[in-house]
Amino acid sequence: IPVASFDGVVFGATGDLTMRKLLPALYYRFRDRQIPETSRIIAAARSHHPDSEYREMAQAALRRHVPAADLDPATMEGFLAHITYVAVDGLGDEGWPDLARLLDERPDQVRSYYLATSPNLYGPICRNLSAHGLIGPKSRVVLEKPIGHDLASAKAINDQVGQVFPENQIFRIDHYLGKETVQNLLALRFANTIFERLWNADVIDHVQITVAETVGVEGRGGYYDGSGALRDMLQNHMLQLLCLLAMESPLSLDPDAVRDEKLKVLRALKPIPAHDVPSLTVRGQYVAGAIDGKPVPGYLADLGGETRSLTETFVALKLDLMMPRWAGVPFYLRTGKRLPQKMSEIVVQFRSSPFSIFPPESFAREPNRLVIRLQPEEGIKLEIMTKEPGPGGMRLRATGLDISFEQTFNQRYPDAYERLLMDVVRGNATLFMRRDEVEAAWAWADGVLQAWADRPEPPRPYPAGTWGPTAAIALIERDGRTWHEDI
Ligand code: BG6
């Protein structure tokens, strides 16, 4: 279904995010005719380029980031013709009158201002948009993460943006919410009676969330070294996954109904007291190792030969939710760079039954488990006990009831940004973070960050291509549990 005709202004148009994610996403939506012909993409950045030069850059980005089979030359040309470039200085005065002139040609369009820039430009760009009269009732601003690096800086950014845009016109992106499989969590939980009835502390023993990446810091060292895994992945993407998994049923899919429930989860995160931080959290940093048999350098080398950094590239922690539904159910979260495989999954481990008619030797006691695979090989697997075939008696084994989304639906999975960019034009904020959510997540993360800063121990080294420091394994095994490995 086509969206309304719009003017989409992208600030930071020469940057990595625009080239790698936003332009390909817009291209696909154009190719599928969701973007009306009358729409314009206005690329804005500080450097000066004629339209033709920027279009060449955009074309090169598409060739690099979109599979050749999806790049039809006529469609690509049609798409590029919708792009106009303006040189605008986010911090200064330069270029704003040009942008205003362009936008004023069509005052009634839906306008989206995508800030794919460093967060310290969010306030100044918004101020300039307002000063040049570019904000109307059909204008929306899109903020990329990170929104700040702690609660105070997040509040400052939210205040600055909030001075010119009302909250319902602010779209804070967490691209994990745009992933099909993440949205599917809502369907899994609230469209299937069988799971929702079991979704509580009586039946569930614990939950694991793993977001593993094989990449290192890939030239983003400058940003990453000031951030680390907790700020880069856990405070946002992983806590959002936790929210969808743990929240009570919203009253509807209305943006505020969903976000109210997510907010309750974030507010229910039990602060980890400083004296427990060393036992309930593990920080790691990769050193040289190998992934898929190929040697890869360590983090310090990736930073360009630094000799010391206290930044974690891996974090694992155990957390509790102060909600009746989850009383006593631990959540184990881990994420890291340079792990053995790119894989994100949520594992819901059910309790074992208190009594069994089967003698203990008939099976390794494996209670049921639901594995939600977010990427790659998206799908859902329910591990259940079955009898091994054969006359040898009652021998049981855990096997998987396995749904592969690729095989079931046999269609291309749109990238998260495709869905989210179109939602901005539609004005649907369900999959975006509200101010109070972002701040509640920071309020909890700040406690951990502060405790780490107060005892500045170096992160534990782990060789690239392993599952993080051994302390992360001890974190869960101490409780008599193990990280999930596929059966
Ligand atoms: C980003 C982080 O938000 O998410 C990156 O800043 C990370 O460090 C990326 O690599 C992971 O996203 P995805 O979609 O590849 O899982």
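For segment 356-372, indicate whether the set of residues that are open to solvent by 20 Å² or more (accessible area, probe 1.4 Å) and within 16 Å of the ligand (Cβ to nearest atom) is non-empty. It would help to see each step written out before you state the result.
Of all residues in segment 356-372, those open to solvent by 20 Å² or more (accessible area, probe 1.4 Å) come to 356-361, 363-369.
Narrowing the set further to residues that are within 16 Å of the ligand (Cβ to nearest atom) leaves none.
Taking every residue of segment 356-372 in turn, none turns out to be open to solvent by 20 Å² or more (accessible area, probe 1.4 Å) and within 16 Å of the ligand (Cβ to nearest atom).
Just for segment 202-213: of the residues that are closer than 18 Å to HIS484 by Cβ and in a loop (DSSP other than H, G, I, E, B), which one is least open to solvent (accessible area, probe 1.4 Å)? Before you say what the answer is, go through the steps one by one.
Restricting attention to segment 202-213, the residues satisfying the condition of being closer than 18 Å to HIS484 by Cβ are 203-213.
With in a loop (DSSP other than H, G, I, E, B) added as a condition, the list becomes 203, 213.
Working: VAL203: 43, GLU213: 27 Å².
Checked segment 202-213; the qualifying residue least open to solvent (accessible area, probe 1.4 Å) is GLU213.
Can we say ASN168 is part of a helix (DSSP H, G or I) and within 19 Å of the chain's Cα centre (by Cα)? Show your work before the answer.
Values: part of a helix (DSSP H, G or I): yes; within 19 Å of the chain's Cα centre (by Cα): no.
Here the answer is no, as ASN168 does not meet what is asked.
Condition first: within 28 Å of the chain's Cα centre (by Cα) and either buried (at least 22 other Cβ atoms within 10 Å of the Cβ) or within 17 Å of GLY8 (Cβ to Cβ) (or both). Now tell me which residues in segment 86-125 satisfy that.
Of everything in segment 86-125, those that are within 28 Å of the chain's Cα centre (by Cα) and either buried (at least 22 other Cβ atoms within 10 Å of the Cβ) or within 17 Å of GLY8 (Cβ to Cβ) (or both) turn out to be GLY90, VAL110, ARG111, SER112, TYR113, TYR114, LEU115, ALA116, THR117, TYR122, ILE125.
Given the residues VAL315, VAL287, which is the only one that is buried (at least 20 other Cβ atoms within 10 Å of the Cβ), within 18 Å of VAL217 (Cα to Cα) and touching a residue at least 40 places away in the same chain (Cβ under 8 Å)? Spell out how you get there, then give the answer.
On the way: VAL287 fails: buried (at least 20 other Cβ atoms within 10 Å of the Cβ).
Selected residue: VAL315, the only one of VAL315, VAL287 that is buried (at least 20 other Cβ atoms within 10 Å of the Cβ), within 18 Å of VAL217 (Cα to Cα) and touching a residue at least 40 places away in the same chain (Cβ under 8 Å).
Give segment 448-459 a look and list any residue that's outside any loop (DSSP other than H, G, I, E, B) and surrounded by fewer than 17 Cβ atoms within 10 Å (Cβ to Cβ), or say none. Walk me through how you get there before you give the answer.
Taking segment 448-459 first, the residues outside any loop (DSSP other than H, G, I, E, B) are 448-454.
Result: GLN450, ALA453, ASP454.
Report the residue count in segment 167-184 for those that are within 11 Å of the ligand (Cβ to nearest atom) and within 17 Å of GLY123 (Cα to Cα).
Number of matching residues: 1.
Would you confirm, using the coordinates I've provided, whether VAL164 is within 16 Å of the ligand (Cβ to nearest atom) and hydrophobic (A, V, I, L, M, F, W, C)?
On the way: within 16 Å of the ligand (Cβ to nearest atom): no; hydrophobic (A, V, I, L, M, F, W, C): yes.
No: the conditions fail for VAL164.
Which of the residues belonging to segment 217-233 are crowded, with 17+ Cβ neighbours inside 10 Å, over 18 Å from ILE372 (Cβ atoms) and either of a type in the set (A, V, I, L, M, F, W, C) or more than 10 Å from the ligand (Cβ to nearest atom) (or both)?
Passing the criteria: VAL217, GLY221, ASP225, GLY228, ALA229, LEU230.
Please go through segment 338-355 and give me each residue that is closer than 30 Å to ALA301 by Cα and either surrounded by fewer than 18 Cβ atoms within 10 Å (Cβ to Cβ) or free of Cβ contacts under 8 Å to residues at least 24 places away in the same chain (or both), ordered by number.
Within segment 338-355, PRO340, GLN341, LYS342, MET343 qualify.
Any idea how many residues of segment 429-445 are outside any helix (DSSP H, G or I) and either of a type in the set (A, V, I, L, M) or modelled with pLDDT of 95 or more (or both)?
Residues of segment 429-445 outside any helix (DSSP H, G or I): 429-434.
Next, only the ones that are either of a type in the set (A, V, I, L, M) or modelled with pLDDT of 95 or more (or both) stay: 429, 431-434.
Number of matching residues: 5.
Can you pull out the residues in segment 373-392 that are open to solvent by 30 Å² or more (accessible area, probe 1.4 Å), closer than 23 Å to LYS179 by Cα and modelled with pLDDT of 90 or more?
In the first step, residues of segment 373-392 are kept if they are open to solvent by 30 Å² or more (accessible area, probe 1.4 Å); the result is 373, 376-378, 382, 384-392.
Narrowing further to those that are closer than 23 Å to LYS179 by Cα: 373, 376-378, 382.
Once the filter is applied, which keeps residues that are open to solvent by 30 Å² or more (accessible area, probe 1.4 Å), closer than 23 Å to LYS179 by Cα and modelled with pLDDT of 90 or more, segment 373-392 yields ARG373, LEU382.
So is LEU310 in contact with an Asp or Glu (Cβ under 6 Å, 6 or more places away or on another chain) and open to solvent by 40 Å² or more (accessible area, probe 1.4 Å) or not?
Working: in contact with an Asp or Glu (Cβ under 6 Å, 6 or more places away or on another chain): no; open to solvent by 40 Å² or more (accessible area, probe 1.4 Å): yes.
Judged against the criteria, LEU310 is not a match.
Quick check on LEU188: is it open to solvent by less than 40 Å² (accessible area, probe 1.4 Å), touching a residue at least 60 places away in the same chain (Cβ under 8 Å) and within 16 Å of the ligand (Cβ to nearest atom)? Spell out the reasoning first.
On the way: open to solvent by less than 40 Å² (accessible area, probe 1.4 Å): yes; touching a residue at least 60 places away in the same chain (Cβ under 8 Å): yes; within 16 Å of the ligand (Cβ to nearest atom): no.
In short, no.
So the check is Cβ under 6 Å with 6+ separation or different chains; which pairs have a first residue in segment 223-243 that's on the phi > 0 side of the Ramachandran plot and assigned to a helix (DSSP H, G or I) and a second one that's open to solvent by 10 Å² or more (accessible area, probe 1.4 Å) and of a type in the set (A, V, I, L, M, F, W, C)?
none
Give segment 406-418 a look and list any residue that's open to solvent by 50 Å² or more (accessible area, probe 1.4 Å) and within 16 Å of LEU17 (Cβ to Cβ), or say none. Before the answer, list the steps.
Looking only at segment 406-418, we keep the residues that are open to solvent by 50 Å² or more (accessible area, probe 1.4 Å), and these are 406-413, 415.
Result: ASP415, single match.
Any residue at all in segment 22-37 that's closer than 30 Å to GLY222 by Cβ and surrounded by fewer than 18 Cβ atoms within 10 Å (Cβ to Cβ)?
The answer is no; no qualifying residue exists.
Give me the pairs: first residue in segment 415-429 and within 16 Å of the ligand (Cβ to nearest atom), second residue open to solvent by 10 Å² or more (accessible area, probe 1.4 Å) and in a helix (DSSP H, G or I), beta-carbon distance under 6 Å, and six or more apart or on different chains, which are they?
Close Cβ pairs (under 6 Å, with a partner that is open to solvent by 10 Å² or more (accessible area, probe 1.4 Å) and in a helix (DSSP H, G or I)) amount to ALA416/HIS175; TYR417/LYS21; GLU418/TYR28; GLU418/ARG29.
Out of all the residues in segment 318-331, is one or more in contact (Cβ under 8 Å) with a residue 12 or more places away in the chain, open to solvent by less than 20 Å² (accessible area, probe 1.4 Å), within 16 Å of the ligand (Cβ to nearest atom) and touching a Leu at 6+ places or on another chain (Cβ under 7 Å)?
No: zero hits.
Does LEU263 fit the bill of being open to solvent by less than 20 Å² (accessible area, probe 1.4 Å), at pLDDT 95 or above and within 16 Å of the ligand (Cβ to nearest atom)?
Values: open to solvent by less than 20 Å² (accessible area, probe 1.4 Å): yes; at pLDDT 95 or above: yes; within 16 Å of the ligand (Cβ to nearest atom): no.
In short, no.
GLU248 - would you say it is open to solvent by 60 Å² or more (accessible area, probe 1.4 Å), acidic (Asp, Glu), within 16 Å of the ligand (Cβ to nearest atom) and not in a helix (DSSP H, G or I)?
Values: open to solvent by 60 Å² or more (accessible area, probe 1.4 Å): yes; acidic (Asp, Glu): yes; within 16 Å of the ligand (Cβ to nearest atom): no; not in a helix (DSSP H, G or I): yes.
No; evaluated as a whole, the condition is false for this residue.
The values are calculated or read from the model by the stated rules, or taken from the named source; none is laboratory data. Just so it is clear, the model here is predicted, and its values are computed rather than measured. Neighbour counts are summed over all protein chains in view; Cβ atoms, including those assigned to glycine, are modelled from backbone coordinates with ideal geometry. Please note that ligands, DNA and RNA were not included when accessible areas were found on the heavy atoms of the full protein model with its side chains. Shrake-Rupley method; radii C 1.70, N 1.55, O 1.52, S 1.80 Å.
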